[in-house]
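Here the structure comes first, spelled out in structure tokens, and everything after it is commentary.
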2 protein chains.
Amino acid sequence: MARYEIFVTYKKGIFDPPGATAQRALVNLGYDEVADVKIGKYVRLEVADGTSEERVREMCDKLLANPVIEDYRVEKAEG
Amino acid sequence: MARYEIFVTYKKGIFDPPGATAQRALVNLGYDEVADVKIGKYVRLEVADGTSEERVREMCDKLLANPVIEDYRVEKAEG
């Protein structure tokens, strides 16, 4: 089995309401040092050996991310 | 500004419905090589310089993750 990690984030300029809410909540809890919070998705894929990164990117474009408003980064995980 | 990345995942044994749904959907789309999908949260924090990792872990325990059902990993981001 091969493993891939995918990090999905909003594109620049797209408002991230959960992140903004978390930022305010942290400041209210006394964590004034928090300037910005962005919340995205962290996907772990377990695929058959030999599955290419290109194929994983295809899955992202079709299902795991919304390419209209989101960016993603794919990394092959070790071990 | 310092940046931290936080990866929140369900603990072992906790069912992950969005991941299970994504796995089935990928197989239905023809990606038979997908054995497992887990979907967690990817948080990017921007904090004042000098904020310790311990302090960030405190924020995770209090707000960003649910320690009862979730694990998290904190990494200091470069740049």
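Derivation of every value follows stated rules applied to the coordinates shown; laboratory data play no part. What you see is a predicted model, and the numbers here were worked out from it, not measured in a lab. No Cβ is skipped: glycine too gets one built from the backbone with ideal geometry, and neighbour counts run over all protein chains shown.
Only loop residues by DSSP count here, and only those with at most 14 other Cβ atoms within 10 Å; note down the GluC sites (Glu not before Pro) in segment B:48-79 that meet that. Spell out each step's value before the answer.
Numbers: sites: B:Glu53, B:Glu54, B:Glu58, B:Glu70, B:Glu75, B:Glu78; in loops: B:Glu78.
Here the sparse-neighbourhood loop sites are B:Glu78.
Considering only the label points, 7 Å along Cα→Cβ from Cα, what distances in nm to one decimal separate B:Thr21 from the same position in each other copy, shortest first?
Reported distances to equivalent positions: 1.7 nm.
List the distances, in nm to one decimal, from the label point of B:Glu75 to the label points of the same position in every other copy, shortest first, placing each label point 7 Å from Cα along the Cα-to-Cβ direction.
Those label-point separations list as 0.2 nm.
Below 9 angstrom from the Cβ of A:Met1, what's the summed charge of the other residues (Lys, Arg +1; Asp, Glu -1)?
Numbers: positive: A:Arg3; negative: A:Glu46, A:Asp49, B:Asp36.
Neighbourhood net charge equals -2.
Counting other C-beta atoms within 10 Å, which of A:Asp36, B:Asp49 has the fewest, and how do the rest follow?
Final ranking by Cβ density, sparse to dense: B:Asp49, A:Asp36.
Taking a threshold of 25 Å on the Cα-Cα distance, which of the pairs B:Lys11/B:Lys76; A:Lys62/B:Lys41; A:Lys76/B:Lys11; A:Lys62/B:Lys62; A:Lys11/B:Lys41 fall above it? Display every interim value, and only then the final one.
Values: B:Lys11/B:Lys76 22 Å; A:Lys62/B:Lys41 20 Å; A:Lys76/B:Lys11 22 Å; A:Lys62/B:Lys62 35 Å; A:Lys11/B:Lys41 16 Å.
Over 25 Å apart, Cα to Cα: A:Lys62/B:Lys62.
Take the alpha-carbon centre of segment B:21-48, take the same for segment A:32-79, and report the distance between them in whole Å.
7
Which chain B residue sits with its beta carbon nearest the axis carrying B onto A, and how many Å away is it, rounded to a whole number?
Its Cβ sits closest to the axis: B:Tyr42, 2.
Assuming R0 = 35 Å, what is the FRET efficiency of A:Ala25 and B:Ala35, from their Cβ-Cβ distance, to the nearest 0.05?
Working: r = 37 Å, r/R0 = 1.05.
For R0 = 35 Å, the calculated efficiency reads 0.45.
Rounded to the nearest angstrom and ordered from largest down, what semi-axes does the equivalent ellipsoid of segment A:12-60 get from its C-alpha gyration tensor (root of 5λ)?
On the way: eigenvalues 247, 31, 12 Å².
In descending order the semi-axes read 35, 12, 8 Å.
Taking the Cβ of each residue in B:Val8, B:Val27, A:Val37, B:Val47 as the centre, tally the other Cβ atoms inside 10 Å and list the residues starting with the fewest.
Details: B:Val8 18, B:Val27 14, A:Val37 25, B:Val47 22.
Going from least to most buried by this count: B:Val27, B:Val8, B:Val47, A:Val37.
Given the convex hull of the Cα atoms of the protein assembly as shown, what is a quarter of its surface area in nm²?
On the way: hull surface 39.4 nm².
Result: 9.8 nm².
With axes computed from alpha carbons, what is the tilt in degrees of helix B:17-28 against the longest principal axis of chain B, rounded to the nearest 10 within 0 to 90?
40
For chain B, what does the helix formula give at 222 nm: sum of -39500 (n - 2.57) over DSSP H segments with n ≥ 4, over the residue count, nearest 500 deg cm²/dmol?
Details: 2 runs with 19 residues, N = 79.
One gets -7000 deg cm²/dmol as the mean residue ellipticity at 222 nm.
Exposure proxy check: A:Phe7, B:Phe15 ranked by fewest other beta carbons within 10 Å?
Numbers: A:Phe7 18, B:Phe15 8.
Least crowded to most crowded, the residues run B:Phe15, A:Phe7.
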